[in-house]
Amino acid sequence: EPEVTQTPSHQVTQMGQEVILRCVPISNHLYFYWYRQILGQKVEFLVSFYNNEISEKSEIFDDQFSVERPDGSNFTLKIRSTKLEDSAMYFCASSEASYPGYTFGSGTRLTVV
Amino acid sequence: GDSVTQMEGPVTLSEEAFLTINCTYTATGYPSLFWYVQYPGEGLQLLLKATKADDKGSNKGFEATYRKETTSFHLEKGSVQVSDSAVYFCALRALHQAGTALIFGKGTTLSVSS
């Protein structure tokens with residue numbers, strides 16, 4: 001069964017550093033998403049991406065965040081200057097045009113120290 | 001805004017016990033409702049869904065009925081197994097189109113012992 005692949009599974013970074021989280025969505029999917037889950041809290045929507053641009057974003061997705069699809073297979077989330085409160089599990093997901101069709105990756109646990 | 005409230009966990013059951021995990025929602029209009037499951041070390045997997053009032057979603061022995069009058073979507077299973085141990089998330093999507101955000105509850109941890 002096709003999978004969404006996220007790398008790395010765990011990343012530790014120092015406060016103020018830039019970090020890039022990587023995702024390989026399912027190849028025929030058109031919509032891409034990032035969600036995050038702070039430990040013990042809700043899974044929260046960050047951003048959706050379609051046709052090489054952001055289609056929807058939440059209040060959490062401020063100027064320190066950016067997304068990119070640098071080639072035909074990868075989808076990345078960049079955090080420019082990490083803060084302690086960015087520590088969370090980050091989930092990538094993708095979907096076909098049809099509804100609902102979400103497939104989530106296993107997540108990247110980001111720890112900011 | 002739209003929101004989802006789930007019962008607090010953890011829920012601890014013996015094998016073959018009956019399971020209910022409560023979920024209620026607040027939304028304008030007619031959202032679609034989902035249950036996702038996360039097994040240890042894995043991603044979020046869609047367990048079941050319902051897109052309109054009185055729909056019943058079912059999968060792997062789990063069921064949930066979309067109750068508009070009580071704004072609820074409770075998850076049930078008649079006889080749980082150890083392999084059902086996981087975190088269960090109730091979620092809604094307000095707009096029926098791809099690209100729209102899912103709004104999740106906090107998740108309920110289920111632990112089943114033999």
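The values are calculated or read from the model by the stated rules, or taken from the named source; none is laboratory data. Please read all numbers here as calculations on a predicted model, not as lab measurements. All Cβ positions, even for glycine, are placed from backbone atoms using ideal geometry, and neighbour counts span all protein chains on display.
A quick yes/no check of all residues on (1) farther than 18 Å from A:E18 by Cα; (2) at pLDDT 90 or above; (3) under 11 Å from the mean Cα position of the chain (by Cα); (4) not β-branched (V, I, T):
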{"residue": "A:G40", "(1), (2), (3), (4)": "yes, no, no, yes"}
{"residue": "A:S48", "(1), (2), (3), (4)": "yes, yes, yes, yes"}
{"residue": "A:I54", "(1), (2), (3), (4)": "yes, yes, no, no"}
{"residue": "A:R69", "(1), (2), (3), (4)": "no, yes, no, yes"}
{"residue": "A:K83", "(1), (2), (3), (4)": "no, yes, no, yes"}
Conditions (1) surrounded by 15 or more Cβ atoms within 10 Å (Cβ to Cβ); (2) out of contact with any helix residue (DSSP H, G or I) (no Cβ under 7 Å at 6 or more places or on another chain); number of the one not met by B:L110: (2)
Exclusive hit being in contact with a strand residue (DSSP E or B) (Cβ under 7 Å, 6 or more places away or on another chain), touching a residue at least 60 places away in the same chain (Cβ under 8 Å) and of a type in the set (S, T, Y), set B:Y88, B:Y66: B:Y88
Test: residue in region B:27-35 that is exposed (fewer than 14 other Cβ atoms within 10 Å of the Cβ) and over 27 Å from A:F32 (Cα atoms): no
Number of positions in region A:26-50 that are assigned to a loop (DSSP other than H, G, I, E, B), of a type outside the set (G, A, S) and either facing chain B (nearest Cβ under 10 Å) or closer than 21 Å to B:R93 by Cα (or both): 5
